[in-house]
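Everything below concerns the one structure shown next.
Each value in this text was obtained by applying a stated rule to the coordinates, not by laboratory testing. Quick caveat, the model's predicted, so the values are computed rather than measured.
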Amino acid sequence: MGKITSIHDTFIRAIMADRNIAIEYFQSYLPPFVAGQLDFSTLTQLPDVYVSAELQKTMSDIVYSCQRNDGKGEIKISLLIEHKSYIEKYTPVQVGGCIFSGLQKQIEAKEKHLSLIIPVLL
């Protein structure tokens, strides 16, 4: 991971580690039909990561747990963070690959339910 990417990663992680900022972010940017189903008072950051070691060279993720409003369990939300200093033609494909990599990692870990992975491009 390059020095600039590392600085960005540390900066975003520090901001999103603040529970109130994370809640405000999710309430503002998740689709209303998703945000409306979550009890944000239960939002907790987890130590999990879904991005593979190889992909961590250019991306990072932060995983949260949140209870559903209907009491039917919890939802994990993974915030996928991609740092770009220039426009690339195939960035959507790269981000999609990272999403699928994260889902595959969850499948291999035999997680009961797959987590919602939200890409954020900086």
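For this structure, a couple of remarks:
- The amide H of I118, built 1.01 Å from its N in the peptide plane, has S78, L79, L80 as neighbours under 5 Å, considering only residues 5 or more places off or on other chains.
- Remark: the L103-Q37 segment gains 21.6 nm on full extension, using 0.36 nm per residue and subtracting the alpha carbon distance.
- Mean Cα-pair separation over length for region 3-121, i.e. relative contact order, pairs under 8 Å, 6 or more apart, %: 22 percent
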